[in-house]
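Novice: Sharing a structure with you now.
The values are calculated or read from the model by the stated rules, or taken from the named source; none is laboratory data. Please read these numbers as outputs of a predicted model, since none were measured by experiment. Don't worry about glycine lacking a Cβ; one is built from the backbone with ideal geometry, like all the others, and counts go over all protein chains shown.
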2 protein chains.
Amino acid sequence: MNTIEKLQTDYNQFLTLNSFQGSPNNLYNPMNYIMSLGGKRVRPLLSMIGNQLSNGNIQNGIYVGHVMEVFHNFSLVHDDIMDKADTRRGKPTVHKKWDEPTAILSGDNMLIKAYELLINYTGPNKDAILKTFTTTAAEVCEGQQNDMDFEQRVDVDIESYLHMIQNKTAVLLGCSIKCGALSANCNEEISNELYDFAINIGMAFQLMDDYLDTFGNSDNTGKIKGGDILQGKKTWLFLNSQHIDKQKHQELFSQENSATKVDIIVSHWQEIELDKQCLQLIKEYNQKAHSNLERIEKSGFDIQILIELLNYLSERKN
Amino acid sequence: MNTIEKLQTDYNQFLTLNSFQGSPNNLYNPMNYIMSLGGKRVRPLLSMIGNQLSNGNIQNGIYVGHVMEVFHNFSLVHDDIMDKADTRRGKPTVHKKWDEPTAILSGDNMLIKAYELLINYTGPNKDAILKTFTTTAAEVCEGQQNDMDFEQRVDVDIESYLHMIQNKTAVLLGCSIKCGALSANCNEEISNELYDFAINIGMAFQLMDDYLDTFGNSDNTGKIKGGDILQGKKTWLFLNSQHIDKQKHQELFSQENSATKVDIIVSHWQEIELDKQCLQLIKEYNQKAHSNLERIEKSGFDIQILIELLNYLSERKN
């Protein structure tokens with residue numbers, strides 16, 4: 001078992017032993033249900049890696065990582081209501097399995113329990129972790145609201161879009177690795193460098209998601225090719241296409257939904273080299289992440305585990 | 001201006017100067033909107049009274065009271081979605097004025113901002129206040145879920161009902177006065193006595209609400225007489241009526257809704273002296289509150305302001 005798998009296993013063991021306890025069942029069962037749906041546990045992984053990099057007490061890294069996972073799952077429960085999503089990871093979402101009021105309330109209680117965990121945290125840098133977490137939590141809400149607002153707007157600029165995806169997904173990754181490092185008494189400079197590193201890989205990851213949805217091999221991604229196009233989703237590709245030639249863009253998207261529509265748009269975007277530009281932007285974020293790594297290494301840290309993380313995260317089918 | 005009015009004015013001034021700042025507007029405007037709808041500001045009042053009783057720095061009392069008011073308003077925003085309420089204090093609820101996703105998200109951000117305020121609190125007993133607040137916040141969620149569960153159940157016992165209303169409304173009053181006292185470095189014994197005092201007046205207040213809805217003079221309450229009866233709401237009166245004679249109770253409630261139905265049920269409940277029993281229970285809670293006051297006075301505190309509070313809260317039309 002490599003280090004990444006070992007850390008994931010350790011977290012899953014911790015999770016099994018630390019399910020939420022309380023009554024009524026209709027409040028606490030949904031909380032444990034969403035936590036049990038699995039996933040890669042990227043946020044606890046980042047916290048544990050941040051902790052291990054500074055040779056901290058791993059128990060503190062797991063504990064802080066668990067807070068991040070609880071917060072992440074709180075946001076999933078509420079986002080699924082807002083997005084009217086019926087399933088998550090092949091299982092019914094909380095508001096489908098129970099109902100919307102129960103999903104709102106058990107989400108609320110997960111946010112409170114994330115804070116309760118942090119308030120009972122006994123490791124180093126409690127105050128700094130509480131502050132970083134709280135700033136991040138508000139940014140995630142701001143990102144989600146921006147995302148909803150953008151769906152109603154026609155004038156979204158690329159910079160605002162990148163700021164939105166940074167808040168909606170990347171900052172919690174940054175927060176996870178930074179708080180993990182703080183839980184190991186890592187200094188502020190390196191903690192912030194790790195934060196930036198995770199932001200950069202988060203941005204690259206999110207943009208790659210958009211890229212693969214449109215240009216990926218659907219046999220590998222398991223998704224319908226061009227799902228974002230058919231939904232008219234305001235991705236980086238959509239917004240740039242709109243920005244480059246608004247009239248042509250509107251013409252392309254005014255077609256009725258069909259496989260042909262997807263093919264026509266994909267071809268056009270390849271023609272104007274949007275695919276290459278997107279890959280170029282992803283490359284830039286990855287290069288920034290590598291610059292972060294170099295500075296961390298120069299400060300005397302063994303970055304092997306961060307390299308492993310990068311390899312693990314890049315192992316996605318395309 | 002008496003002391004109570006003065007404290008309310010002070011809080012409202014603080015609130016005006018401390019509105020939420022941030023973007024996007026669709027996230028922050030709803031937060032300021034709900035906070036601006038007014039009300040008696042009972043929770044900040046309790047915190048400020050708790051603080052003043054121990055001659056604390058009133059700024060700390062206002063600050064802690066503001067946290068309680070933010071939390072209270074967060075719970076109103078989410079409860080209004082769950083209850084499908086269209087108006088609050090004569091104005092549209094947040095999910096009506098904006099939409100449900102925005103109401104969920106701005107509620108979430110209010111909960112985060114309540115914590116942010118506490119994390120930036122610089123007065124005495126920060127840790128104890130954070131813990132008391134967090135325990136209370138989870139209890140409020142548990143109470144709200146129990147309330148929703150009870151509406152679907154036919155077997156709710158009186159003790160569970162009282163436990164539910166304690167969690168749903170009274171504990172936040174207890175938390176408000178206790179944290180206000182802690183913000184003035186009040187000792188644990190008196191802080192807890194104040195907590196119990198507020199719980200007892202909260203319970204009396206809630207039960208009086210139920211009593212007045214059924215037995216009050218609707219000209220004075222401004223509500224439709226017997227609104228709870230027409231909704232089949234599981235109040236203390238309803239549950240006791242069911243408990244005393246289930247068959248008779250079902251018979252009474254199986255009638256079609258009408259003013260006559262209300263009159264018949266009211267008469268029957270008066271006949272079996274449910275009204276007197278309810279008033280007796282309210283009296284018992286008030287007596288408990290007075291016992292709390294006596295113990296506080298015996299410990300050398302000037303309880304004048306608490307007496308004023310009791311008078312203020314009992315000034316309700318019946």
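Novice: Just one of (1) buried (at least 19 other Cβ atoms within 10 Å of the Cβ); (2) under 19 Å from the mean Cα position of the chain (by Cα); (3) within 10 Å of chain B (Cβ to nearest Cβ) trips up A:Cys179, so point out which.
Specialist: (3)
Novice: Modelled with pLDDT under 95 and either surrounded by fewer than 14 Cβ atoms within 10 Å (Cβ to Cβ) or more than 14 Å from chain B (Cβ to nearest Cβ) (or both): which single residue out of A:Thr9, A:Thr3 fits that description?
Specialist: Details: A:Thr9 fails: modelled with pLDDT under 95.
Among A:Thr9, A:Thr3, only A:Thr3 is modelled with pLDDT under 95 and either surrounded by fewer than 14 Cβ atoms within 10 Å (Cβ to Cβ) or more than 14 Å from chain B (Cβ to nearest Cβ) (or both).
Novice: Can you tell me which of (1) buried (at least 19 other Cβ atoms within 10 Å of the Cβ); (2) at negative phi is the one B:Gly226 doesn't meet?
Specialist: Result: B:Gly226 passes all but (2).
Novice: Considering only residues that are closer than 23 Å to B:Leu279 by Cα and either part of a helix (DSSP H, G or I) or of a type in the set (S, T, N, Q) (or both), which ones fall in the stretch B:242-252?
Specialist: Result: B:Gln242, B:His243, B:Ile244, B:Lys246, B:Lys248, B:His249, B:Leu252.
Novice: Across the stretch A:257-285, what is the number of residues that are in contact (Cβ under 8 Å) with a residue 24 or more places away in the chain and not in a helix (DSSP H, G or I)?
Specialist: Here the count works out to 2.
Novice: Search the stretch B:86-112 for residues being among the small types (Gly, Ala, Ser) and touching a residue at least 40 places away in the same chain (Cβ under 8 Å), and hand back the single one that is surrounded by the most Cβ atoms within 10 Å (Cβ to Cβ). Let's see the steps before the verdict.
Specialist: From the stretch B:86-112, those among the small types (Gly, Ala, Ser) are B:90, B:103, B:106-107; that's our starting set.
From what's left, touching a residue at least 40 places away in the same chain (Cβ under 8 Å): B:103, B:106.
Working: B:Ala103: 22, B:Ser106: 28.
My answer is B:Ser106.
Novice: Where residues in the stretch A:113-129 are surrounded by fewer than 21 Cβ atoms within 10 Å (Cβ to Cβ) and within 21 Å of A:Val171 (Cβ to Cβ), which of them is nearest to the other protein chains (Cβ to nearest Cβ)? I'd like the intermediate steps shown before the answer.
Specialist: Applying the first criterion (surrounded by fewer than 21 Cβ atoms within 10 Å (Cβ to Cβ)) to the stretch A:113-129 yields A:116-117, A:119-124, A:126-128.
Add one more test, that the residue is within 21 Å of A:Val171 (Cβ to Cβ), and what stays is A:117, A:121, A:126-128.
On the way: A:Leu117: 10, A:Tyr121: 12, A:Lys126: 10, A:Asp127: 8, A:Ala128: 11 Å.
Filtering the stretch A:113-129 for residues that are surrounded by fewer than 21 Cβ atoms within 10 Å (Cβ to Cβ) and within 21 Å of A:Val171 (Cβ to Cβ), the one nearest to the other protein chains (Cβ to nearest Cβ) comes out as A:Asp127.
Novice: Looking at the structure I just gave you, is B:Lys288 touching a residue at least 24 places away in the same chain (Cβ under 8 Å), outside any helix (DSSP H, G or I) and either under 22 Å from the mean Cα position of the chain (by Cα) or under 21 Å from B:Asp157 (Cβ atoms) (or both)?
Specialist: Details: touching a residue at least 24 places away in the same chain (Cβ under 8 Å): yes; outside any helix (DSSP H, G or I): no; either under 22 Å from the mean Cα position of the chain (by Cα) or under 21 Å from B:Asp157 (Cβ atoms) (or both): yes.
No.
Novice: Let me ask another. With respect to B:Gln59, determine if the residue is farther than 20 Å from B:Tyr115 by Cβ, surrounded by fewer than 23 Cβ atoms within 10 Å (Cβ to Cβ) and polar (S, T, N, Q).
Specialist: no
Novice: Would you be able to tell me the number of residues in the stretch B:297-318 that are over 23 Å from the mean Cα position of the chain (by Cα), in a helix (DSSP H, G or I) and surrounded by 13 or more Cβ atoms within 10 Å (Cβ to Cβ)? Break it down into steps so the answer makes sense when it comes.
Specialist: At the first step, the residues of the stretch B:297-318 found to be over 23 Å from the mean Cα position of the chain (by Cα) are B:297-302.
Now narrow it down to the ones that are in a helix (DSSP H, G or I): B:297-298.
If we keep only those that are surrounded by 13 or more Cβ atoms within 10 Å (Cβ to Cβ) as well, we get B:297.
Total satisfying the criteria: 1.
Novice: In the stretch A:150-241, which helices (runs of 4 or more DSSP H) lie fully inside it and hold 3 or more residues that are under 26 Å from A:Met68 (Cβ atoms) and polar (S, T, N, Q)?
Specialist: A:188-215
Novice: Would you check if there is a residue in the stretch B:273-282 being outside the structural domain of B:Glu142 (by TED's automatic domain parsing) and within 30 Å of B:Gln52 (Cβ to Cβ)?
Specialist: First, the residues of the stretch B:273-282 that are outside the structural domain of B:Glu142 (by TED's automatic domain parsing): B:273-282.
Within this subset, residues satisfying the condition of being within 30 Å of B:Gln52 (Cβ to Cβ) are B:282.
Yes, the stretch B:273-282 contains a residue that is outside the structural domain of B:Glu142 (by TED's automatic domain parsing) and within 30 Å of B:Gln52 (Cβ to Cβ).
Novice: Considering A:Gln59, A:Gln52, A:Gln144, which residue is within 14 Å of another protein chain (Cβ to nearest Cβ) and in a helix (DSSP H, G or I)?
Specialist: On the way: A:Gln59 fails: within 14 Å of another protein chain (Cβ to nearest Cβ); A:Gln52 fails: within 14 Å of another protein chain (Cβ to nearest Cβ).
None of the others qualify; the one that does is A:Gln144.
Novice: Can you find a residue that is more than 14 Å from chain B (Cβ to nearest Cβ) and within 20 Å of A:Gly174 (Cα to Cα) anywhere in the stretch A:12-34?
Specialist: In the first step, residues of the stretch A:12-34 are kept if they are more than 14 Å from chain B (Cβ to nearest Cβ); the result is A:12-19, A:32-34.
Now narrow it down to the ones that are within 20 Å of A:Gly174 (Cα to Cα): none.
No, the stretch A:12-34 contains no residue that is more than 14 Å from chain B (Cβ to nearest Cβ) and within 20 Å of A:Gly174 (Cα to Cα).
Novice: Filter the stretch B:33-56 for residues that are over 19 Å from B:Asn187 (Cα atoms) and either surrounded by fewer than 17 Cβ atoms within 10 Å (Cβ to Cβ) or among the β-branched types (Val, Ile, Thr) (or both) and give the result.
Specialist: Step one: filter the stretch B:33-56 for residues over 19 Å from B:Asn187 (Cα atoms), giving B:33-45.
Result: B:Ile34, B:Ser36, B:Leu37, B:Gly38, B:Gly39, B:Lys40, B:Val42.
Novice: I'd like the full set of residues that are within 12 Å of chain A (Cβ to nearest Cβ), in a helix (DSSP H, G or I) and more than 24 Å from B:Leu173 (Cβ to Cβ), limited to the stretch B:70-105.
Specialist: Result: B:His95, B:Glu100, B:Pro101, B:Thr102, B:Ala103, B:Ile104, B:Leu105.
Novice: Now, a different point. Does A:Asn187 count as farther than 27 Å from B:Thr134 by Cβ, within 14 Å of chain B (Cβ to nearest Cβ) and over 13 Å from the mean Cα position of the chain (by Cα)?
Specialist: Working: farther than 27 Å from B:Thr134 by Cβ: yes; within 14 Å of chain B (Cβ to nearest Cβ): no; over 13 Å from the mean Cα position of the chain (by Cα): yes.
When the stated conditions are applied, A:Asn187 does not pass them.
Novice: Failed condition for B:Asp108, given (1) in contact with a strand residue (DSSP E or B) (Cβ under 8 Å, 6 or more places away or on another chain); (2) within 11 Å of chain A (Cβ to nearest Cβ), with all others met?
Specialist: The one condition B:Asp108 does not meet is (1).
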